[in-house]
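The values are calculated or read from the model by the stated rules, or taken from the named source; none is laboratory data. Not measured: the values here are computed from a predicted model. Here the Cβ is made from the backbone with ideal geometry for all residues, glycine too, and neighbour counts use every protein chain on show.
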Amino acid sequence: MSALATLAEYAATHSVDPGLREKLALHVADGCVALQAGRRTREGHDLAGFFGEEAAAANAALIRHTEIDDIDRVSGVTACAIVLPAALEGAPIARRLVDALAVGYELAARRAEALGGARLLVQGIWPSYVAAPFGAAAAAGRMLGLSPEQMCNALALALAQTARRVGRSGGRWLLFAQAVRAGCLAARAAAQGYTGDRGLYADEIEAATLGLGRSSVIHRVSIKPHCSAKQALAAIHGLKMLLERGVAALDIERVDVAVPSAYAGMLDREPPTAGRLASIVNARYQLALAALRPAALDDVARDPVQWSAEIEDWAARVHIAAAPDLDSHYPERWPARVTAHVGGERHEILVLDSPGDPALAFGLPEIEDKAQRMLGEGGRQTVHLALHACEDDAALARLRKEIEAGATRA
């Protein structure tokens, strides 16, 4: 059996155990929180309008652009934004939905990891974009009930539509959504009898099969506590811990943030005033919010970006530097060492895992709290409907109707 056929067999037939179903349901709930939050941003409104009735593409863009969706640190893939929109395209069968999500997460992460995973980012390659057609084809194909033979063609067709780079593009979210749509199209085409070249990228696909079935990638996927680039979250958590220990934010004269060489540059590449995404990535700005206006870390819309002389002054105290001694942790962990200088004293903390990482995993209370912070009233209702949709066909149908109604209102 070829490597592609092995992955297709897995995608078409693998069923997850009850414990993993509960874990996946939390990620569905988290993804639905991101989807609802995405509809409330100006950018999200424009994205939804652009894609119109193309639900999978629209929902992929809405979830991903929020920067509150989940991420696997090893592969660098934000899988929920790929597989949840694809899986919602199929018939409302709750048990099949969870299996579709599981195989979608697995194949998306494996596709990117086989190419280099999170290390691709320093080459200007976006792992989620590379993996999107493959993961979406697996999830959509499972929801369509494809046979292993059909699934093999779906994956081959998805591989043929895989791009490597988006560059510094203003259409970043559009391109990501198009990649998800390409995977869904591949699954539908395979269901209609279309075939793909199963020999494409054979070496890469061979690498993607290593260890298949031993453990699910979902066990290493992180849920974000705030609206932030994942690379900045350890530093944010470190500063918050120092403040909780009694360091006064206004007394801090300087903050040194040391991170792995792979992403030190991106955390201070653009000023936060350059736009919404820049404000989410810029660690100096995010730490200033954590110190002065912590509730603003949950502002997904950033419309406008909160900026003042006080925030500018505090952000100027933050200095980002590459720390080669932290490189060995990456990409399994995305750490930060935070040092606050106060009145001649140093207060230092090393953060290897931040809230939402597997070592500090989120359960239902944390997901509910996040939903309440991001969505306000109705946030917990969104979470519980999503959880119920993973167990009950009628609830899944209701969730889809609510998502469709949200698209109409947008």
Selected residue (criterion: nearest to Glu253 (Cα to Cα)) from residues of region 336-362 that are acidic (Asp, Glu) and touching a residue at least 24 places away in the same chain (Cβ under 8 Å): Asp353
Selected residue (criterion: farthest from Ile320 (Cα to Cα)) from residues of region 234-246 that are touching a residue at least 60 places away in the same chain (Cβ under 8 Å) and surrounded by fewer than 17 Cβ atoms within 10 Å (Cβ to Cβ): Arg245
Residue in region 211-231 that is touching a residue at least 60 places away in the same chain (Cβ under 8 Å), surrounded by fewer than 18 Cβ atoms within 10 Å (Cβ to Cβ) and either of a type in the set (Val, Ile, Thr) or at positive phi (or both) present: yes
Check on Ala394, farther than 30 Å from Leu326 by Cβ and not in a loop (DSSP other than H, G, I, E, B): yes
Residues of region 268-315 satisfying the condition of being surrounded by fewer than 21 Cβ atoms within 10 Å (Cβ to Cβ), small (Gly, Ala, Ser) and closer than 18 Å to Lys240 by Cα: Ala295, Ala296
Residue in region 195-212 that is part of a helix (DSSP H, G or I), within 21 Å of the chain's Cα centre (by Cα) and under 30 Å from Met266 (Cβ atoms) present: yes
Selected residue [aliphatic (A, V, I, L, M) and either crowded, with 24+ Cβ neighbours inside 10 Å or touching a Pro at 6+ places or on another chain (Cβ under 8 Å) (or both)] from Val74, Val16: Val74
Filter result for Cys184 (in a loop (DSSP other than H, G, I, E, B) and crowded, with 24+ Cβ neighbours inside 10 Å): no
Number of positions in region 77-127 that are of a type in the set (Gly, Ala, Ser), touching a residue at least 60 places away in the same chain (Cβ under 8 Å) and surrounded by fewer than 24 Cβ atoms within 10 Å (Cβ to Cβ): 3
Helices (runs of 4 or more DSSP H) wholly inside region 257-343 containing at least 2 residues that are under 24 Å from the mean Cα position of the chain (by Cα): 276-281, 283-292
Matching residues in region 363-383 - criterion: being assigned to a helix (DSSP H, G or I) and touching a residue at least 40 places away in the same chain (Cβ under 8 Å): Leu364, Glu366, Ile367, Lys370, Ala371, Arg373, Met374, Leu375, Gly379, Thr382, Val383
Leu157 buried (at least 24 other Cβ atoms within 10 Å of the Cβ), of a type in the set (A, V, I, L, M, F, W, C), over 25 Å from Ile71 (Cβ atoms) and in the same structural domain as Val77 (by TED's automatic domain parsing): yes
Test: residue in region 139-147 that is touching a helix residue (DSSP H, G or I) at 6+ places or on another chain (Cβ under 9 Å), charged (D, E, K, R), part of a helix (DSSP H, G or I) and more than 15 Å from Gly90 (Cα to Cα): no
Candidate set: region 111-160, residues that are more than 18 Å from the chain's Cα centre (by Cα) and among the polar types (S, T, N, Q); chosen: the one modelled with the lowest pLDDT: Gln123
Single condition Gln161 does not satisfy, out of (1) assigned to a loop (DSSP other than H, G, I, E, B); (2) touching a Pro at 6+ places or on another chain (Cβ under 7 Å); (3) within 24 Å of Met266 (Cβ to Cβ): (3)
Sole exception among (1) within 22 Å of Ala208 (Cβ to Cβ); (2) surrounded by fewer than 24 Cβ atoms within 10 Å (Cβ to Cβ) for Arg42, by number: (1)
